[in-house]
Amino acid sequence: MTKEIAAKIFCQGVDVQTSGNHIWDRKEVLPFLDAEQRYLRPANYPEGNPGFGSGIFTARNGTKVAVINLMGRTFMADIDCPFRKAEALLPKLREKTNVIIIDFHAEATSEKQAFGWFMDGRASAVIGTHTHVQTADEKILPGGTAYITDAGMSGAHESVIGIRKEDALERFLTMIPKRFGVAERDIRLLGVLLEIDEQSGLAVKIERVNLKAGDVVSGGLAEEE
């Protein structure tokens with residue numbers, strides 16, 4: 001991520017952006033993280049790092065929405081505990097709103113599911129990210145928290161998790177490191193639509209989204225032109 005890329009996304013009407021383990025890849029992003037509260041980095045990186053791990057944002061209908069960005073530790077960096085960090089953040093955020101959405105950026109399905117159960121009834125939604133492939137396990141947990149293991153990748157789907165398939169195949173066949181190119185065909189927007197009760201902060205509905213470029217959105221569903 002760079003300041004310029006983030007600005008392009010904000011210009012499309014995006015209210016807040018979350019991130020993950022690649023947030024530190026470009027050093028020029030560091031001052032931007034301290035200056036832009038709408039761009040979050042995982043909150044469970046050690047104290048003193050630049051940027052913000054959570055925030056409260058105002059939806060277009062005036063509803064206050066808290067967003068928390070956390071990162072898992074299984075097969076990832078050994079950073080602070082996301083479970084305990086979430087518990088520490090919730091009370092202060094709940095003073096201002098009951099609508100709390102958590103982006104849990106993690107590798108292991110088991111850790112994502114465990115975190116979803118841990119937050120059940122305490123967050124509006126736990127949305128898994130990182131593994132690029134949208135899962136089909138969207139649900140509302142018994143306590144009222146919407147959950148999905150992975151919201152999926154927005155980008156080119158004629159690819160290997162966004163990489164040009166030719167580059168990925170060459171790497172697997174030769175095992176020689178090379179620079180990966182970004183794929184450009186079959187562009188899709190993936191994610192979830194949530195319906196949340198403002199008063200209770202509990203989820204009413206979660207629906208997967210998988211829109212191809214050129215699809216028309218009508219009534220929350222995609223229709224091909």
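Each value in this text was obtained by applying a stated rule to the coordinates, not by laboratory testing. Keep in mind that this is a model prediction, so the values were computed, not measured. Quick reminder, even Gly has a Cβ in these numbers, built from the backbone with ideal geometry, and neighbours come from all protein chains shown.
To make sure I understand the rule: partners must be lysines, Cα under 18 Å from the Cα of Lys27, and not fewer than 8 residues away in the same chain. Which ones qualify?
Answer for Lys27, where 18 Å is the Cα cut-off: Lys3, listed by chain and number.
So who's got an amide H within less than 5 Å of the one on His105, skipping anything under 5 residues away but keeping other chains? H placed 1.01 Å off N, in plane.
When sequence neighbours closer than 5 places are left aside, the close amide H contacts are Leu70, Met71, Gly72, Thr129.
What ranking of Ser124, Ser110 emerges when the number of other C-beta atoms within 10 Å of each C-beta is taken as an exposure proxy, fewest first?
Lowest to highest Cβ neighbour count: Ser110, Ser124.
Match the structure shown to one of the listed values (1) 17.8, 56; (2) 19.0, 61; (3) 22.5, 71 of Rg and Dmax of the Cα atoms in Å, computed from it, and give that label.
(1)
Taking the Cα centre of the chain as origin, sum charge times position over the Cβ atoms of Lys and Arg (+1) and Asp and Glu (-1), and report the length of that vector in debye to the nearest 20.
Around 480 debye, computed over the chain.
Please report the relative contact order for the chain, taking Cα pairs under 8 Å with a sequence separation of at least 6, and give it as a percent rounded to a whole number.
12
Subtract the Cα-Cα distance of Arg171 and Trp117 from 0.36 nm times their separation in residues, and report this length gain in nm to one decimal.
15.7 nm
Can you work out ³J(HN,Hα) from phi for every residue in the stretch 9-14, in order, using Karplus 6.51 cos²θ - 1.76 cosθ + 1.60 and θ = phi - 60°, giving whole Hz and x for Gly and Pro?
5, 4, 5, 8, x, 6
Give me Leu193, Leu70 sorted ascending by neighbouring Cβ count inside 10 Å, so fewest comes first.
The most exposed by this proxy come first: Leu193, Leu70.
What is the calculated FRET efficiency for Thr2 to Lys178, with r their C-beta to C-beta distance and R₀ = 25 Å, to the nearest 0.05?
About 0.65, to the nearest 0.05.
So for the pair Cys11, Asp78, with labels modelled 7 Å out along Cα→Cβ, what separation do we get in nm?
Between Cys11 and Asp78, the label points sit 4.4 nm apart.
Each residue of the stretch 111-124 in order: what ³J(HN,Hα) in whole Hz does its phi give by Karplus 6.51 cos²θ - 1.76 cosθ + 1.60, θ = phi - 60°, with x for Gly and Pro?
With coefficients 6.51, -1.76 and 1.60, one gets 5, 5, 5, 4, 5, x, 5, 5, 8, 4, x, 10, 10, 6 Hz.
How many percent of DSSP beta bridges within the stretch 3-152 run antiparallel, rounded to 5?
30
Under 22 Å from the Cα of Lys96, which lysines turn up, not counting those fewer than eight places away in the same chain?
Here the lysines satisfying the reach criterion relative to Lys96 are Lys64, Lys85.
Ranked by Cβ crowding within 10 angstrom, fewest neighbours first, how are Trp117, Trp24 ordered?
Arranged by neighbour count, lowest to highest, Trp117, Trp24 become Trp117, Trp24.
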